[in-house]
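The values are calculated or read from the model by the stated rules, or taken from the named source; none is laboratory data. Note that the coordinates shown come from a computational prediction; the quantities given were computed from them, not determined experimentally. Every residue, glycine among them, receives a Cβ derived from its backbone with ideal geometry; neighbour counts consider all protein chains shown.
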Amino acid sequence: MINVIEIFKEIAKSTGKSIEIILVGAQALPYYGVEARATMDIDAEIVRGDLEEVYFELKKRGFESDLSENISGWSVISLPKGYRDRAITIYQDDQLKVSVLSPYDFIIMKLRRGTEQDLEDCLNVALANHLSVEELDKHFEDAIRNSIKDTAILNFRLIYNHFRQALMELLSQKSERTSDSTQG
């Protein structure tokens, strides 16, 4: 696994400029209590700092990255309002602040793309963080409400419903195993 915090500390030190990021994608998984999977790219929103400079500093160190000033704009489907305010700080010093999305916002972010890997990541994050299905539904509806009207919403609904059904099945199986172990 890439030590993202150390990399950004090096970049802040070498440029002499402060940086604030919200880490998204696979590099954020360990901060949700989920085992990291092999990936060499870094996806982040640059809240403070020079996006171009950070991009080229990462490239110079051999890392691919997808950076933006607004990760909500990566899709027709908007992130729920206030996602930056709900971001969780995982590291902070004088020159660097690194945060991750709330687990709920992370799931909406990943489901906007909706690959099988994204679905697996979302299920793992939901289970590891004991997320409320009702709260996930609220974030989903907020994302829909804040998005422009587009046929992509139809696909997003299908992806979310598939995720929700898979999560409900996993929670049901977990509940049955817990019930069986307390009765036996």
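Out of all the residues in region 16-39, which are of a type in the set (S, T, N, Q) and modelled with pLDDT of 95 or more?
Residues of region 16-39 of a type in the set (S, T, N, Q): 18, 27, 39.
If the condition is that a residue be of a type in the set (S, T, N, Q) and modelled with pLDDT of 95 or more, then 18 is the only one that fits.
Checking 20, 6 one by one, the residue that is in a strand (DSSP E or B) and farther than 22 Å from residue 153 by Cα is 20 and no other.
Quick check: is even one residue across region 98-110 in contact with a Ser or Thr (Cβ under 9 Å, 6 or more places away or on another chain), over 23 Å from residue 171 (Cβ atoms) and surrounded by fewer than 17 Cβ atoms within 10 Å (Cβ to Cβ)? No, every residue in region 98-110 fails to be in contact with a Ser or Thr (Cβ under 9 Å, 6 or more places away or on another chain), over 23 Å from residue 171 (Cβ atoms) and surrounded by fewer than 17 Cβ atoms within 10 Å (Cβ to Cβ). Among the residues making up region 130-147, those that are in contact with a Ser or Thr (Cβ under 7 Å, 6 or more places away or on another chain) and not in a helix (DSSP H, G or I) are 146, 147.
Scan region 5-25 for residues that are farther than 14 Å from residue 67 by Cα and of a type outside the set (D, E, K, R) and the total you get is 8. For region 36-50, a residue qualifies if it is among the aliphatic types (A, V, I, L, M) and exposed (fewer than 14 other Cβ atoms within 10 Å of the Cβ), and the qualifying residues are 36, 38, 40.
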